Amino acid sequence: MQYAAAEQAWYMPAAAPMAESAVARVERLASESAVVVFSMSSCCMCHAVKRLFCGMGVHPTVHELDLDPRGRELEHALARLLGYGPGGAPVVPVVFIGGKLVGAMDRVMAAHINGSLVPLLKEAGALWL
């Protein structure tokens, strides 16, 4: 697994006209690697999905929202992308494969059980077998 370093909150490029929105940041981070997991470091379901991928030989990029200064904003953006209302169920883990939203743990496990997860991983270039 690769853990993405949390961006420094104090660093702001001088030429940036406007801060990147949380949804735009999620979409950018999701497109930077074949498999991206948005997670919380203390979440057991997040641990399970990361172990699933590692057990398959896939090494996802993991963004731990509780270690990111803008993690709460990203969590709200992920909830909107998943169609959850404010104050709803916990949103993590959220998985993107090939830059496309797969969904939360239930969708990942359903794809694994029905056999559609491996073709998605192969298509994204995360799995070669």
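The values are calculated or read from the model by the stated rules, or taken from the named source; none is laboratory data. Only a predicted model underlies this, so the values are computations on that prediction, with no experimental measurement involved. We place every Cβ from the backbone using ideal geometry, glycine too, and count neighbours over all the protein chains shown. Surface accessibility is based on the protein's heavy atoms, side chains included, excluding ligands, DNA and RNA. Shrake-Rupley method; radii C 1.70, N 1.55, O 1.52, S 1.80 Å.
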Could you list all residues from region 43-57 that are over 14 Å from the mean Cα position of the chain (by Cα) and not in a helix (DSSP H, G or I)? 56, 57
Which residue pairs have Cβ atoms closer than 6 Å, lie 6 or more positions apart in sequence or on different chains, and pair a first residue in region 29-55 that is closer than 17 Å to residue 78 by Cβ with a second residue that is assigned to a strand (DSSP E or B) and among the charged types (D, E, K, R)? 39/64; 41/64
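Yes/no matrix, rows are residues, columns are (1) closer than 17 Å to residue 25 by Cβ; (2) touching a residue at least 24 places away in the same chain (Cβ under 8 Å):
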| position | (1), (2) |
| --- | --- |
| 58 | no, yes |
| 70 | yes, yes |
| 77 | yes, yes |
| 82 | yes, no |
| 99 | yes, yes |
| 112 | no, yes |
| 121 | no, yes |
| 129 | no, yes |
Give me a count of the residues in region 108-120 that are within 19 Å of residue 47 (Cα to Cα) and either part of a loop (DSSP other than H, G, I, E, B) or among the aliphatic types (A, V, I, L, M) (or both). 6
Out of everything in region 98-129 that is β-branched (Val, Ile, Thr) and either surrounded by fewer than 12 Cβ atoms within 10 Å (Cβ to Cβ) or more than 23 Å from residue 77 (Cα to Cα) (or both), what residue ends up being nearest to the chain's Cα centre (by Cα)? 118
Expected single match for outside any strand (DSSP E or B) and open to solvent by 40 Å² or more (accessible area, probe 1.4 Å) among 72, 25 is 72
What tally of residues in region 84-97 results from selecting those that are over 20 Å from residue 29 (Cα atoms) and either in contact with a Lys or Arg (Cβ under 8 Å, 6 or more places away or on another chain) or open to solvent by less than 70 Å² (accessible area, probe 1.4 Å) (or both)? 3
Breaking point among (1) over 24 Å from residue 112 (Cβ atoms); (2) at pLDDT 90 or above, for residue 30: (1)
Determine whether region 85-107 contains at least one residue that is out of contact with any helix residue (DSSP H, G or I) (no Cβ under 7 Å at 6 or more places or on another chain), assigned to a helix (DSSP H, G or I) and among the hydrophobic types (A, V, I, L, M, F, W, C). no
